[in-house]
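The values are calculated or read from the model by the stated rules, or taken from the named source; none is laboratory data. These figures come from a predicted structure and were not determined experimentally. Quick reminder, even Gly has a Cβ in these numbers, built from the backbone with ideal geometry, and neighbours come from all protein chains shown.
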Amino acid sequence: MTHALLVDDDTELRTLVADYLRRYGMSVTAVGDGAALRRLMPGGGFDVLLLDLMLPDANGLDLCRWVRATSALPIIMLTAQGDPTSRIVGLELGADDYLPKPFEPRELVARINAVLRRTGTSKTAAPDDANSAGTTVQFNGWAFDRLARQLRSPDDVLVALSNAEFRLLSAFVDHPRRVLSRDRLLDLSRAPGVDVTDRAIDLAVSRLRQKLGDSPKQPTLIRTVRGEGYVFDAEPVK
């Protein structure tokens, strides 16, 4: 089992990320400052470090340098400062990857697995094993790999999805054959820290229908229920 050390001073984010990673079979130790990191590192038995750049008692770059001086532990930097300079400095100091906030938890899982594969320390399911981890969903001939963020058509053609379309399709396959109001879809598909309108949901549904080959005049896969919302009319199989 992969053991992740998460260091972030945002209590809510720590809880959400830790809970999500545990759903993917990882063990997580979550702390809120650099002092806790320094206490836990020696002999901690961690497989990956998820390190926030801005902490109340330390600079994440300094901590990255300190960890790298004594350990080959894979490091993924998490930060709201997504500017190229911070990213380059972090990578030069020995970070293995860099993920700007806000981020999709699914993307973090994919980044962790990729880093562990590169370093030869992976203990979690690789993308080829996604079906056993419940990450690939099939419906009406389509294959939706939620970990790799890939959608394949019945003709085995890879269909590109925007972040909004990916989140919307995830919401639909999680709630098949149920009427979902626009407000409910907003709650299920909104990215952290991003304001989305009802109109944006309608546009995302329209674009997703096009990519799924659903007829715009008489859609059968994503149906409109007048005055109520939308229904994903398929039975996803994991």
Checklist entry - Got at least one residue in the range 137-144 being modelled with pLDDT under 85 and within 16 Å of the chain's Cα centre (by Cα)? => result no
Checklist entry - What are the residue pairs meeting all of these: first residue in the range 73-88, first residue under 20 Å from Ile112 (Cβ atoms) and modelled with pLDDT of 80 or more, second residue surrounded by fewer than 18 Cβ atoms within 10 Å (Cβ to Cβ) and β-branched (Val, Ile, Thr), Cβ atoms under 8 Å, and 6 or more apart or on different chains? => result Pro74/Thr119; Pro74/Thr121
Checklist entry - What strands (runs of 3 or more DSSP E) lie completely within the range 1-99 and have 2 or more residues being under 16 Å from Val109 (Cβ atoms) and touching a Gly at 6+ places or on another chain (Cβ under 7 Å)? => result 3-7
Next on the checklist: Looking at the structure I just gave you, is Ile112 modelled with pLDDT of 85 or more, under 16 Å from the mean Cα position of the chain (by Cα), over 30 Å from Leu212 (Cβ atoms) and surrounded by 14 or more Cβ atoms within 10 Å (Cβ to Cβ)?
Outcome noted: no
Checklist outcome for this item: Checked the range 146-181 for anything more than 16 Å from the chain's Cα centre (by Cα), in contact (Cβ under 8 Å) with a residue 12 or more places away in the chain and at positive phi; matches are Arg177
Next on the checklist: Given the criterion hydroxyl-bearing (Ser, Thr, Tyr), closer than 18 Å to Thr119 by Cβ and in contact (Cβ under 8 Å) with a residue 60 or more places away in the chain, identify the matching residue among Thr70, Thr2.
Outcome noted: Thr2
